[in-house]
1. Please get the size of the charge dipole for the chain, origin at its Cα centre, with Cβ charges of +1 on Lys and Arg and -1 on Asp and Glu, quoted in debye to the nearest 20.
2. Ratio of Rg to Rh for region 12-107, alpha carbon only, Kirkwood?
3. Based on the mean of other Cβ atoms within 10 Å per residue, sort peptides 92-98, 175-181, 127-133 so the most packed one is first.
4. Among DSSP beta bridges whose residues both lie in the chain, state the antiparallel percentage, nearest 5.
5. Rounded to a whole number, what is D in µm²/s for region 25-70 from Stokes-Einstein with the Kirkwood radius over alpha-carbon pairs (25 °C, 0.890 mPa s)?
6. Could you work out the longest stretch of the chain that avoids the GluC sites (Glu not before Pro) located in DSSP loops with at most 12 other Cβ atoms within 10 Å?
7. Based on alpha-carbon atoms only, what is the radius of gyration of region 138-185 relative to the globular estimate 2.2 N^0.38 Å?
8. Any idea what log10 I(q)/I(0) is at q = 0.18 Å⁻¹ for the chain, Debye with uniform C-alpha scatterers and no solvent?
Amino acid sequence: MPEDHSSHPGILLSFDLPLEGYAEDVRAIAVRTIRLFGLREWKAVVLTGEIHGHLGIYSTIGAKMGVYARELFEAEGLGGDISVVTYAGSKPPVSCLNDGLQVACGASVGHGLIEVSEDERKWACALFCCGGRKIKLHLRKEYEDAVKSDIAVARAAFGLSAGYWSRIRDLAVKYWSTWDRKEIFNSCDPGA
């Protein structure tokens, strides 16, 4: 059984990085995005981008999903209290969701609290377990379709060049600053 770390404090007592410390595109959305979606989501997406190596679409969605799951469980602590089964697989781009889930939930590989399902379907969906309760969340179809279409258009236009990665970042910034985590996910029967 994994060690319970929920009572241990995190590292950061605050997240007061001056706006000048952020890249220009992120700085441009900071104040409004924090006001709309809160500091918890802001921190999760920023930290996810840092560990993920770039600001990506699915990693941002994973951070939003993990923050939303924490809210649904009313789980305030970091780590040890939420376990995750992700249906995003282990192949990008969808698997990038997993990095956001780990950061936002504290359900890291190191804690043994995240598992990648072997299901054939790979999609932005995860099963969260906390305190004997289960919640399964997935990206609503219209948002999933928008992501797939935007990625396909970017890949057709740029291949996997620097232009592609620039476009993906632009889309991630857009989704981060406009998509409300309370609207973009559906919950479904945890057994489904």
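Every number in this text was worked out from the coordinates using simple rules, so none of it is lab data. None of these values were measured; they are calculated from a predicted model. A quick note on method: Cβ atoms are made from the backbone with ideal geometry, for glycine too, and the neighbour counts reach across all protein chains shown.
1. The calculated dipole for the chain is roughly 480 debye.
2. Across region 12-107, the Cα-based Rg/Rh ratio is 0.97.
3. 92-98, 175-181, 127-133
4. Of the beta bridges lying entirely in the chain, close to 80 percent run antiparallel.
5. 230
6. Formally, the longest exposed-site-free interval is 121-192.
7. Relative to the 2.2 N^0.38 Å estimate, region 138-185 comes out at 1.21.
8. One equal scatterer on each Cα of the chain leads to -1.26.
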